[in-house]
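Worksheet for the structure shown next.
The values are calculated or read from the model by the stated rules, or taken from the named source; none is laboratory data. In this text the structure is predicted, and so the values were computed from the model without any measurement. Heads up, the Cβs are rebuilt from the backbone with ideal geometry, glycines too, and the neighbour counts pull from every protein chain shown. Remember, those area values only see protein heavy atoms, side chains included, never the ligands or the DNA or RNA. Shrake-Rupley method; radii C 1.70, N 1.55, O 1.52, S 1.80 Å.
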Amino acid sequence: MSITVIGKHEKDKRACRDAYVQAMTELMEADQTVVHVDTDLKACINTKKLDQYGRCINAGIAEANAMGLAAGLTATGKKTWIHSFGCFSSRRAFDQAFMSAAYAKLGVKILGSDPGVCAAYNGGTHMPFEDCALYLSVPDAIVIDPTDYAMVYDLTKKLTAVEEKLSYMRMIRKGVVQVYADGSEFEIGKGVTLKESDHDIATVIASGIMVDEALKAYDKLMEESITVRVIDMFTWKPIDEELIVKAAKETGAIVTAENHNCTCGLGSAVSRVLSTQCPTPVEMVGVHDQFGQVGAQNFLQEAYKLTAEEIICNVKKVLARK
């Protein structure tokens, strides 16, 4: 991995959807087998720009059929991406993803946009807190919750090269905080240690929009002379077990942070590793067995306690358990 961290807590003027389109433009230019399937949402993620290549297919508002189409294209040798909102890419088309793609060992790449509270004004029906949970249950699948523009760009290219394994990547369409500099490269299945010292007394393991919240929490905890390690665990499956165990052994306490139902997401994945390899106190910041609702993202983050303040609270809580 070659990574440069910015971490200034500033919103990127660019949208993650454009990182995906830029990567796909370069891929389609170089490889005639790269295909994108959409579900009447080309305008939402700017994939109309890919129409010039003749391999950007609108399957309409029929997500299950679109998933079957993506599997069929992959079976003929195409490197196929399929996009819909996260709720439809997961819940609605899951049977087809499981049977037509994963079971058949076809490396369909699934993109689910506006996950969790990022669905905002689309409301509870469009707010998936369980999308990753479904794909975590698929044997040998890859599940990714990327952090920002640079990561979406790089991982779109990395996932396109993966054959035989189904992959699911969430994506915030726009309004994301920039954590990494352009040109940063990431390795699927390997977490990124963003903050680390010899004096860390706890570790925060975060992904997606919660990475910047974890970095904010780090800054505030430092003001109280509490030093914590911060890890971006963007790959939930295969998860970086070695890094998790190392952090647990060296800091003795873990807090996870995710824009997802933590009973079946990153928190549970980290806890599974620790329960078998290095039993360690764990606290989880995330959605606790709740449905979504309508509202601005900042309001929803407060409502579901997806904030730096909640991470700080849980760091102190887990330290009391050491």
| Top to bottom by accessible area (1.4 Å), largest first, where do ASP219, ASP95 land? | ASP95, ASP219
| field | Pair GLU223, LYS49: separation of 7 Å Cα→Cβ label points (nm) | value | 3.9
| query | Near the amide H of ILE172, under 5 Å away, which other amide H atoms are found, from residues 5 or more places off or on another chain, if H is placed in the peptide plane? | reply | ASP114
| query | Going from most exposed to least, what order do ARG229, ARG91 have by accessible area with a 1.4 Å probe? | reply | ARG91, ARG229
| task | Pop out the carbon and sulfur fraction of the accessible area of the chain as a percent, whole number, probe 1.4 Å. | result | 50
| Under 17 Å Cα-Cα from LYS8, which lysines qualify once same-chain neighbours fewer than 8 residues away are excluded? | LYS195, LYS216, LYS220
| Highest-first arrangement of 79-85, 29-35, where packing means the average Cβ count within 10 Å | 79-85, 29-35
| remark: From DSSP H assignment alone, runs of 4+ in the chain each adding -39500 (n - 2.57), the sum over residues rounded to the nearest 500 puts [θ] at 222 nm at -10000 deg cm²/dmol
| query | Does anything in the stretch 58-75 have its amide N under 18 Å from the 7 Å Cα→Cβ label point of ASP40, and if so which residues? | reply | 58-70
| request: Taking only Cα atoms and a 10 Å spring cutoff, compute GNM fluctuations for the chain and point out the largest among VAL273, VAL230, VAL176. | output: VAL273
| Surface/4 estimate of mean projected area, convex hull on alpha-carbon atoms of the chain, nm² | 14.9
| request: Note the full-extension length gain between ASP182 and HIS199 as 0.36 nm times their separation in residues minus their Cα-Cα distance, in nm to one decimal. | output: 3.1 nm
| In Hz, Karplus ³J(HN,Hα) per residue of the stretch 63-72 (6.51, -1.76, 1.60; θ = phi - 60°; x = Gly, Pro) | 4, 5, 5, 4, 5, x, 4, 4, 5, x
| field | More than 20 Å apart - percent of Cα-Cα pairs taken over the stretch 22-127 | value | 36
| Stretchable slack from ALA303 to ASN122, in nm (0.36 nm times residue separation minus alpha-carbon distance) | 63.5 nm
| field | Separation between Cα centres of the stretch 34-74 and the stretch 152-176, rounded to whole Å | value | 15
| Cα gyration tensor of the stretch 78-155 - equivalent ellipsoid semi-axes, whole Å, descending | 21, 16, 11
| task | Counting only heavy atoms of the protein chains, get the accessible area per residue of the chain (1.4 Å probe) and round it to a whole Å² value. | result | 40
| So if R0 is 22 Å, what FRET efficiency would ALA75 and ALA30 give, r being the distance between their Cβ atoms, rounded to the nearest 0.05? | 0.50
